[in-house]
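> Questions regarding the structure given below will be posed in turn.
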Amino acid sequence: KFAIGCSIENCQVIGDSATKKSWRNQAIRLTDSYFSKINNCYVAVATNTDGGYGYGITMYGSTNCTVKDCEVSSTRHSFLFFAGAAGNSVSGCVSVDAAVSDYDFHGGECVDNTVANCIAVGGDSVADDGSTNKAACRIGNSSHADGDSYNVFSSMHIINYQGIAFEIVPQSTENIFRDSRVTIAQTGIKVAINPSNTLLTSLNTYVENIDFSDVS
């Protein structure tokens, strides 16, 4: 928390599925931090993926931080932005078998962030995985009405995904999905209603140069 110019590199955080032990909330988290980085880390096996548990790598209220060349497997959310995260970037990362979402802007006014050259691979090793409501790349959250804006997903590859490749939840505006490929997925694009307030809208979602293959 409040890190400036700090780094977390070459680390592993791995739970134990046999003993049901894992970290309680988030494996690696930057909170209210600036110009800090997470590089070449591996996070796996969150044995509890209930709400608020078993998150992989997160940025809460951080600015101009970077996450590069990391892999997260079998967590609730693999990479998550929240609480006004701004100007951050995630690149060259791999997410495997997330229970709820792989790359997630969580509806707390996250702006000007980028996720690029990353992969999301589906799977079934987590007990509650496989829902058609899970999303590889999600912007917004129905529990947080203040949405996310001006974020960009580019050069993504979504593979064998049991859910939604790209999802927007109100009220999120001016977000871009571009230059990506979706290979085998249940849904390509979903613009969702906020069930707690149907008056909220999502405006100006741009989908540019996406190649969809075998989307059911």
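> Is segment 51-112 best put as rounded, prolate or oblate by its Cα gyration tensor, with a ≥ b ≥ c the root eigenvalues, rounded for a/c under 1.5, and otherwise prolate when a/b is larger than b/c, oblate when not?
Oblate shape, in that a/c is at least 1.5 and b/c is the bigger or equal ratio.
> Then there's this: Please work out the FRET efficiency for the pair Asp211 and Asn133, using the Cβ-Cβ distance as r and a Förster radius of 25 Å; give the result to the nearest 0.05.
It comes to 0.60.
> Next up: Rounded to a whole number, what % of the accessible area of segment 12-149 do carbon and sulfur atoms account for, probe 1.4 Å?
Carbon and sulfur atoms account for 45 percent of the accessible area of segment 12-149.
> Among [x] 0.94; [y] 1.02; [z] 1.07, only one was calculated for this model; which label is it, if the read-out is Rg/Rh (Cα atoms, Kirkwood Rh)?
Calculated Rg/Rh (Cα atoms, Kirkwood Rh): the matching label is [x].
> As an exercise, take the mean of 1/r over every pair of distinct alpha carbons in segment 82-123, invert it, and state the Kirkwood radius in angstroms.
11.1
> Let me know the longest stretch in the chain that avoids all trypsin sites (Lys or Arg not before Pro) found in a DSSP loop with at most 13 other C-beta atoms within 10 Å.
Longest stretch, sites excluded: 25-216.
> Taking the Cβ of Gly147 as the centre, find all other residues whose Cβ is under 11 Å away and add up their charges (Lys, Arg: +1; Asp, Glu: -1).
So the surrounding residues net to -4.
> Would you check the chain for Lys pairs whose C-alpha atoms are within less than 24 Å, ignoring same-chain pairs closer than 8 in sequence, and give me the count?
Final tally of qualifying lysine pairs is 6.
> Continuing with the same structure: With a 1.4 Å probe and every protein chain left in place, work out the accessible area per residue of the chain in Å², rounded to a whole number.
Normalised by residue count, the accessible surface of the chain is 43 Å².
> Which Cα, out of Ser7, His157, Ile139, lies furthest along the positive dipole direction of segment 1-158 (beta carbon charges, K/R +1, D/E -1)?
The listed residue farthest towards the positive side: Ser7.
> To continue, here is another question. Could you give me the percent of Cα pairs per 10 Å distance bin for segment 1-90, shortest bin first, beginning at zero and ending with the bin that holds the maximum distance?
Histogramming segment 1-90 at 10 Å steps yields 20, 50, 27, 4 percent.
The values are calculated or read from the model by the stated rules, or taken from the named source; none is laboratory data. Nothing here was measured: the structure is a model prediction, and the numbers come from that model. Positions of Cβ are backbone-derived with ideal geometry, glycine not excepted, and every protein chain shown enters the neighbour counts. For accessibility, only protein heavy atoms count, side chains too; no ligands or nucleic acids. Shrake-Rupley method; radii C 1.70, N 1.55, O 1.52, S 1.80 Å.
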